[in-house]
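My questions all concern the structure below.
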Amino acid sequence: MSAAACLFCRIVRGEIPATLVYESPDVIAFRDIHPQAPYHVVIVPRAHVASLAEVTDPLVPGRLALVAAELARRDGYAERGYRTVINTGPDGGQTVFHLHLHLLAGRLMTWPPG
């Protein structure tokens with residue numbers, strides 16, 4: 001999928017509204033429209049990368065993880081714990097093919113996740 005048609009690229013460009021909770025020059029984070037936990041944020045790089053399998057710069061997933069930790073601390077979930085998830089490819093549950101990290105908190109997470 002091209003960056004022009006990508007859902008998350010359209011959110012990054014402001015073409016589709018989202019409830020932003022974090023912005024930097026290279027990353028944005030917004031509330032998930034179908035939350036799976038009381039606190040569910042999607043963290044994406046501004047630059048289009050289809051999936052973790054296509055990452056060539058190790059700093060990209062690192063930045064997503066650092067933002068997740070910062071948001072968990074800022075919003076009061078770091079002490080009790082939280083889950084971060086990166087789905088990769090169709091069998092991994094990826095439905096939007098723009099690298100993204102889910103940050104989930106506010107309830108007990110079970111294992112295996114499903």
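Return the total of residues in region 87-114 being farther than 26 Å from residue 54 by Cβ, surrounded by fewer than 18 Cβ atoms within 10 Å (Cβ to Cβ) and in contact (Cβ under 8 Å) with a residue 12 or more places away in the chain.
3
Right, something else. Restricted to region 1-31, and to residues that are in contact (Cβ under 8 Å) with a residue 24 or more places away in the chain and not hydrophobic (A, V, I, L, M, F, W, C), which residue is farthest from residue 76 (Cα to Cα)? Spell out how you get there, then give the answer.
Filtering region 1-31 for residues in contact (Cβ under 8 Å) with a residue 24 or more places away in the chain gives 1, 3, 6-9, 11-12, 21-22, 24, 26-27, 29.
Among the residues that remain, those that are also not hydrophobic (A, V, I, L, M, F, W, C) are: 22, 24, 26.
Details: 22: 15, 24: 21, 26: 24 Å.
Looking at the filtered set, the residue picked out is 26.
Inspect region 32-50 for any residue being farther than 23 Å from residue 10 by Cα and without any contact (Cβ under 8 Å) to a residue 12 or more places away in the chain and give the result as yes or no.
no
Every read-out reported here was derived from the displayed coordinates using simple, explicitly stated rules and does not represent laboratory data. Fair warning: this is a prediction, and the values are worked out from it, not measured in the lab. Backbone-built Cβ (ideal geometry, glycine too); neighbour counts: all protein chains shown.
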